[in-house]
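Student: Would you mind keeping the following structure in view while I ask a few things?
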Amino acid sequence: MNTDTPNTTASDLKPGQFKLHKKIGNARRATFMTDHGSFQTPCFMAVGTKATVKAMTPEELIDCGTQVVLGNTYHLHLRPGEKLIKKMGGLHKFMNWNGPILTDSGGFQIFSLSSLRKMSEKGVEFRSHIDGSKYFISPEKSMEIQMDLGSDIIMAFDECLKYPSTDDEIKRSMDLTHRWLIRSAAAMTRPESSLFGIVQGGLSLEHRKYSLAQVTSVDLPGYALGGFSVGEPIHLMHELMPQVAPLMPEDKPRYLMGVGTPLDLVLSVDAGIDMFDCVLPTRVARNGTLYTWSGKVSIKREMYKEDPSALDAECDCYTCKNYSKAYLRHLFLSGEILSARLNTIHNLHFYMSLMKKMRSAIESDTWETFRDDCLTRFVRSDKDS
């Protein structure tokens with residue numbers, strides 16, 4: 001699914017291999033190979049929680065520049081079930097997506113069910129948010145589910161703590177995540193898939209270093225930073241990222257889970273992160289918030305009622321080429337299904353275009369200029385949009 005493969009060809013890579021092409025400061029340009037082709041980094045992955053990116057067809061995802069789709073282990077385990085998906089030929093065939101798929105372990109969703117779960121060393125017992133039925137997921141079970149789905153990148157089962165947590169809670173959780181990682185790695189028997197470990201540790205640099213040492217003691221194709229976007233003040237993540245990301249292995253992809261806004265992405269790439277996922281662009285699109293190169297637009301505002309202009313003059317997505325702000329506002333206020341579709345097409349195209357421009361800026365030695373221009377654009381307040 002790569003759309004801008006460097007001349008240093010990815011055909012030499014085998015699934016699970018990572019090739020760093022260029023680095024400016026901490027910002028990196030690279031390729032990661034999977035069993036369903038390579039993808040270029042920095043990369044934003046579209047979130048397809050229940051085997052679909054809401055309001056989008058696979059063809060539209062490709063048109064937007066999507067390289068990787070993320071599926072959710074927890075939700076797919078509950079419905080329709082990984083065994084059914086395996087019987088249907090695996091998740092790629094089931095959802096008609098031929099590119100790379102990453103699945104999370106289910107840990108984040110399970111631990112968000114605080115009143116419906118019971119945790120032990122073995123794993124987590126929880127009740128379905130759908131019908132209250134009882135389930136149990138362990139590191140071994142999480143690996144089994146993800147292997148049945150046929151994921152290209154499988155995330156280790158971890159504990160994601162709430163914010164804030166005490167030092168004792170964080171230390172206990174990091175140690176448990178490490179033990180669960182060892183069990184996850186032992187249970188991984190699908191050679192076509194790549195297992196990524198997850199570094200925890202909250203907002204403490206020392207805790208992050210401790211967890212990083214634990215997680216990277218297990219040799220894996222890639223590593224992720226988890227436990228962000230759980231309610232912490234965002235500026236604390238921005239301050240911590242340049243200190244943590246460069247400590248991660250240089251020769252492996254670095255994945256920041258659940259992040260974020262365009263500003264978050266630019267700052268995190270500048271810190272050395274390669275991969276991202278977040279429901280934000282698709283979720284806010286359905287709520288009428290659109291990202292543009294001039295800042296955020298709330299399409300329901302009265303000021304767009306008679307505005308014949310395109311949403312973003314710098315965007316060449318299907319929505320911007322064919323529809324006015326006035327029409328998009330009308331669709332949203334009328335509750336039309338087309339509103340969610342056109343808004344989602346734009347936001348995903350914007351995100352994928354941003355990532356492609358970042359890759360190009362690193363390749364062309366213009367990263368600092370591009371970064372500073374983005375920061376100027378993205379910190380503008382909504383009232384200026």
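The values are calculated or read from the model by the stated rules, or taken from the named source; none is laboratory data. Just so it is clear, the structure is predicted and the values come from calculations on it, not from any experiment. Glycine gets a Cβ as well: all are built from the backbone with ideal geometry, and neighbour counts include every protein chain shown.
Student: Can you find a residue that is in a helix (DSSP H, G or I), surrounded by fewer than 19 Cβ atoms within 10 Å (Cβ to Cβ) and among the basic types (K, R) anywhere in region 160-174?
Tutor: Yes, the conditions are met somewhere in region 160-174.
Student: State which residue pairs qualify: first residue more than 27 Å from E144 (Cα to Cα) and inside region 62-76, second residue polar (S, T, N, Q) and surrounded by fewer than 22 Cβ atoms within 10 Å (Cβ to Cβ) in any location, beta carbons under 8 Å apart, and separation of 6 or more residues or different chains.
Tutor: Short answer, once both residue conditions are applied: G65/T3; G65/S353.
Student: Follow-up. Being crowded, with 19+ Cβ neighbours inside 10 Å, in a loop (DSSP other than H, G, I, E, B), small (G, A, S) and outside the structural domain of W367 (by TED's automatic domain parsing) narrows it down to one residue among G201, G231; which is it?
Tutor: When all the criteria are applied, what remains is G201.
Student: Follow-up question, since we're still on this one. Scan region 333-353 and tell me whether some residue there is in contact (Cβ under 8 Å) with a residue 40 or more places away in the chain and touching a Lys or Arg at 6+ places or on another chain (Cβ under 6 Å).
Tutor: Scanning region 333-353, I find at least one residue that is in contact (Cβ under 8 Å) with a residue 40 or more places away in the chain and touching a Lys or Arg at 6+ places or on another chain (Cβ under 6 Å), so the answer is yes.
Student: For T344, state whether it is β-branched (V, I, T), crowded, with 21+ Cβ neighbours inside 10 Å, touching a helix residue (DSSP H, G or I) at 6+ places or on another chain (Cβ under 9 Å) and farther than 24 Å from R29 by Cα.
Tutor: Against the criterion (β-branched (V, I, T), crowded, with 21+ Cβ neighbours inside 10 Å, touching a helix residue (DSSP H, G or I) at 6+ places or on another chain (Cβ under 9 Å) and farther than 24 Å from R29 by Cα), T344 qualifies.
Student: Hey, does region 28-37 have a residue that's in a loop (DSSP other than H, G, I, E, B), surrounded by 23 or more Cβ atoms within 10 Å (Cβ to Cβ) and touching a residue at least 12 places away in the same chain (Cβ under 8 Å)?
Tutor: No: zero hits.
Student: Tell me whether region 278-287 contains one or more residues that are part of a loop (DSSP other than H, G, I, E, B), of a type outside the set (S, T, Y) and within 19 Å of the chain's Cα centre (by Cα).
Tutor: Yes, that holds for at least one residue.
Student: Can you confirm whether S339 is surrounded by 15 or more Cβ atoms within 10 Å (Cβ to Cβ) and either more than 22 Å from Q40 (Cβ to Cβ) or of a type in the set (K, R) (or both)?
Tutor: Here the answer is yes, as S339 does meet what is asked.
Student: OK, next. Does region 351-367 hold any residues that are over 15 Å from Q67 (Cα atoms), surrounded by 15 or more Cβ atoms within 10 Å (Cβ to Cβ) and of a type outside the set (A, V, I, L, M, F, W, C), and which are they?
Tutor: E363
Student: Across region 312-336, which residue is surrounded by the most Cβ atoms within 10 Å (Cβ to Cβ) among those that are within 19 Å of R301 (Cα to Cα) and of a type in the set (D, E)?
Tutor: So, considering only residues that are within 19 Å of R301 (Cα to Cα) and of a type in the set (D, E), the one surrounded by the most Cβ atoms within 10 Å (Cβ to Cβ) is D312.
Student: Please go through region 1-31 and pick out each residue that is more than 15 Å from C43 (Cα to Cα), at pLDDT 95 or above and among the polar types (S, T, N, Q).
Tutor: Matches in region 1-31: Q17, N26.
Student: Taking the condition under 18 Å from the mean Cα position of the chain (by Cα), outside the structural domain of Q40 (by TED's automatic domain parsing), under 21 Å from L331 (Cα atoms) and modelled with pLDDT of 95 or more, does Y304 pass?
Tutor: Taking the combined requirement at face value, the residue does not satisfy it.
Student: Within the group R29, R79, which residue is more than 22 Å from S194 (Cα to Cα) and more than 17 Å from the chain's Cα centre (by Cα)?
Tutor: R79
Student: Of all residues in region 285-296, which are surrounded by fewer than 23 Cβ atoms within 10 Å (Cβ to Cβ) and in contact with a strand residue (DSSP E or B) (Cβ under 8 Å, 6 or more places away or on another chain)?
Tutor: Residues satisfying the conditions are G288, T289, K296.
Student: Out of everything in region 98-151 that is within 19 Å of K162 (Cβ to Cβ) and among the hydroxyl-bearing types (S, T, Y), what residue ends up being nearest to the chain's Cα centre (by Cα)?
Tutor: S105
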